[in-house]
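Below is one structure; the comments refer to it alone.
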Amino acid sequence: MSRPHVLVVEDSVFISQQIADKLSDQYDFATSTAESAADARAALEASDIDCLLVKHNLPDESGMELTASIESDVPVILLTSSAVESVAMDALQAGVSEFFHKDNLSEETVDVLANRIDILVDLYGL
């Protein structure tokens, strides 16, 4: 079975590359990055993406607006640096599958993120 293809949607090139590199190097995920919602939509049309990691605040719209507009059935993990409780209800209504606090990208938290990706991809049957 092939490993999931994860699209990291984050306007900070440093953070998106850090997440993508860790998922690729340590967990053998295929990874791509996008810096905006528009770039993410283009990537979804061009590639088979199994999971999206989407920043809460993107330059062109919110991660929740992007999630609500996606027509494919792909799991979305909302990347946030704020308290999850403040966005949880709106995010779930938009179609967000899971939340991940991105401020601490230690080895242990990336293990948790990779596990969540695997579980969601299996759950969605991708």
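Before moving on, here are some points about what is shown:
- Positions within the range 55-67 being touching a strand residue (DSSP E or B) at 6+ places or on another chain (Cβ under 6 Å) and either surrounded by fewer than 21 Cβ atoms within 10 Å (Cβ to Cβ) or without any contact (Cβ under 8 Å) to a residue 12 or more places away in the chain (or both), in sequence order: H56
- Residue that is modelled with the lowest pLDDT, among those in the range 1-31 that are surrounded by fewer than 20 Cβ atoms within 10 Å (Cβ to Cβ) and closer than 17 Å to V74 by Cβ: S2
- Across the range 32-54, the qualifying residues are those that are among the small types (G, A, S) and within 19 Å of G95 (Cβ to Cβ), and the one among them that is surrounded by the fewest Cβ atoms within 10 Å (Cβ to Cβ) is A38.
- Meets criteria (at pLDDT 80 or above and more than 21 Å from L44 (Cα to Cα)) for D73: no
- Subset of the range 102-126 [in a helix (DSSP H, G or I) and of a type in the set (G, A, S)]: A114
- Among residues of the range 114-126 that are in contact (Cβ under 8 Å) with a residue 12 or more places away in the chain, none has a beta-carbon under 7 Å from a residue that is surrounded by fewer than 16 Cβ atoms within 10 Å (Cβ to Cβ) and polar (S, T, N, Q) at least six positions away or on a different chain.
- The residue that is nearest to A20 (Cα to Cα), counting only those in the range 82-121 that are modelled with pLDDT of 85 or more, of a type in the set (V, I, T) and surrounded by 17 or more Cβ atoms within 10 Å (Cβ to Cβ), is V110.
The values are calculated or read from the model by the stated rules, or taken from the named source; none is laboratory data. For clarity, every value in this text was computed on a predicted model and none was experimentally measured. Because the Cβ atoms are built from the backbone with ideal geometry, glycine has one as well, and the counts that use them run over all protein chains shown.
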